[in-house]
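The values are calculated or read from the model by the stated rules, or taken from the named source; none is laboratory data. Since the structure is predicted, the reported quantities are computational estimates derived from the model, not experimental observations. Positions of Cβ are generated from backbone atoms using ideal geometry, with glycine treated the same way; all protein chains shown enter the neighbour counts. Just the protein is used for accessible areas: all its heavy atoms, side chains included, with ligands, DNA and RNA removed. Shrake-Rupley method; radii C 1.70, N 1.55, O 1.52, S 1.80 Å.
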Amino acid sequence: MNNFTLHTPTKILFGKGQVAQLREQLPRDARILITYGGGSVVRSGLLAQIRSELAGMTLFEFGGIEPNPTYETLMGAVELARAERVDFLLAVGGGSVLDGTKFIAAAAHYDPARDPWHILETVGGEVGSAIPLGTVLTLPATGSEMNAGAVISNLATQEKFAFHHSFPQFSILDPEATFSLPPFQVACGIADTFVHVMEQYLTVTGVSPLMDRWAEGILQTLIEIAPKIRANQHDYDQMANFMLCATMGLNGFIAMGVPQDWATHMIGHELTALHGVTHGQTLVVVLPALMSVMREQKKGKILQYGERVFGIREGSEDERIDRTIRATEEFFRSLGLATRLHELQIGQDTIDEIVRRFNERGSRLGE
Ligand code: NZQ
Ligand code: ZN
């Protein structure tokens, strides 16, 4: 097992009605900037509820953070935060709003003489301080509610890069806040969660039986609940289980002492940067293909995954690997997602461009 540091400072307030706890989580005299996306929290009434919970506090608002949040949009919020001397950020929305808010937090305190895009180019390494933040999550998927990661896009250069700096101080996770999600976003959220676990699991065997079984537990839970959620998105208990899977999938708990891969995400981010494809959708196209290409190197783990997650025990190793890759792709298709590039009207030229970019950047993929 590798050495590791586990640091999980985020307080999670989970369940129905937990937004009533919001006021107590915030510093009393704070100047708070509430950030949100394209309007789902306005339509669902969540923003109005938050305003009323926080009545009498000093509040500012910044809406319009788009899916795959852009540097260009977020710089508007950075200006507002600087001008109003904001000292707490409250992100209300999905992973894009949470990630965007982590960027605002770091950029607002960044040297005003330097372009904050540099934060992405240096993966957060040069960030000194940041505005503290909390979140109210509306879309289970990214794990951003309990990790320090954020992925930001640059429209001008068509780039999408990640950085790591701030953990939310708290996150409120109410499964009822997910009831208004479009089915496609739910499917992408399940897919994203599944692939987060795979990136931390599908490496080599025999490093940590505990991490393996925690990862397999999340994968099996997702496979079990996905059809029930697709049949009834308003099933509180199933959505609660999904929400917890998503948080546990990327908060460090299944990564203790084990190697990680993340090649699927690195390639997926390029598909989003170049074509605007939704994050979870990119991953389900890349992962089965990546498993095929890496079938020799990842043989041991693919066989273990096939046996323990899908019950594939019969046949030669080659046959079992084939069936396991097929089962993975079929699970993604059962979510209603495309699993091939041509279904997204993406061709060989995009593959060539991604290879060119990786070579130019000296990117190194895999564990
Ligand atoms: O913008 P609004 O109007 O809020 O609508 C959003 C958006 O259109 C909508 N939505 C969210 N909650 C809703 C809702 N609609 C109705 N009811 C609700 N309750 O859903 C759409 C997608 O939202 P978005 O936040 O973009 O989705 P997601 O949570 O999947 O976040 C995706 C972003 O997270 C990054 C991705 O790259 C992508 O940019 N990731 C962040 C990670 C992290 N921080 O650790 C890791 C991930 O691997 C991922 O890369
Ligand atoms: Zn992801």
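Key figures for this structure:
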item	result
Exposure of Ser334 as accessible area (Å², to 10), given a probe of 1.4 Å and all protein chains	70
Heavy-atom accessible surface of the chain: percent carbon and sulfur, 1.4 Å	51
DSSP beta bridge pairing in segment 104-188, given as percent antiparallel to the nearest 5	65
Sparse-neighbour loop sites [trypsin sites (Lys or Arg not before Pro); segment 183-291; at most 11 other C-beta within 10 Å; DSSP]	none
From phi via Karplus (6.51, -1.76, 1.60), per-residue ³J(HN,Hα) for segment 27-35 in Hz, x at Gly/Pro	x, 4, 9, 5, 9, 9, 9, 8, 10
Dipole in debye (nearest 20) - the chain, about Cα centre, beta carbon charges: Lys, Arg +1; Asp, Glu -1	460
Per residue Cα convex hull volume in Å³ - calculated over the chain	135
Anchor Lys298: lysines whose Cα lies under 18 Å away (excluding residues fewer than 8 positions away in-chain)	none
Sum of -39500 (n - 2.57) over DSSP H runs of 4+, divided by residues of the chain (222 nm, nearest 500)	-15000 deg cm²/dmol
Residues of segment 235-252 with amide N under 14 Å of a point placed 7 Å along Cα→Cβ from Phe14	237-252
Size of charge dipole - segment 179-300 - debye, nearest 20, with Cβ of Lys, Arg +1 and Asp, Glu -1, no other charges	160
Amide proton proximity set for Thr138, modelled H, under 5 Å, gap of 5+	Gly93, Gly94
For segment 134-199: accessible area per residue (Å², 1.4 Å)	26
Full-extension gain in nm, Ala55 to Arg82, via 0.36 nm per residue minus C-alpha separation	7.4 nm
Accessible area in square angstrom per residue, segment 21-121, 1.4 angstrom probe	42
His109 - accessible surface, heavy atoms, 1.4 Å probe, Å² rounded to 10	90
Distance histogram for segment 121-274 (every C-alpha pair counted, 10 angstrom bins, percent rounded to whole numbers)	10, 36, 38, 15, 1
Tail fraction, Cα-Cα pairs, segment 246-367, threshold 22 Å, whole percent	42
Accessible surface, segment 248-330, averaged per residue in Å² (probe 1.4 Å)	39
Scattering curve values for segment 291-358, log₁₀ I(q)/I(0), Debye with Cα scatterers, q = 0.22 Å⁻¹	-0.94
Beta bridge orientation in the chain: antiparallel %, DSSP, nearest 5	20
Partners for Lys102 among lysines (Cα-Cα distance below 23 Å; same-chain residues under 8 apart left out)	Lys11, Lys160
Segment 59-149: trypsin sites (Lys or Arg not before Pro) in DSSP loop, at most 15 other beta carbons within 10 Å	Arg85, Arg114
Sites matching GluC sites (Glu not before Pro) across segment 1-109 that sit in DSSP coil, with at most 13 neighbouring C-beta atoms within 10 Å	Glu84
Helix 95-108 vs. the chain, principal-axis angle (Cα, 0 to 90°, nearest 10)	50
Degrees separating the helix 209-231 axis from the principal Cα axis of the chain, which is the longest one	80
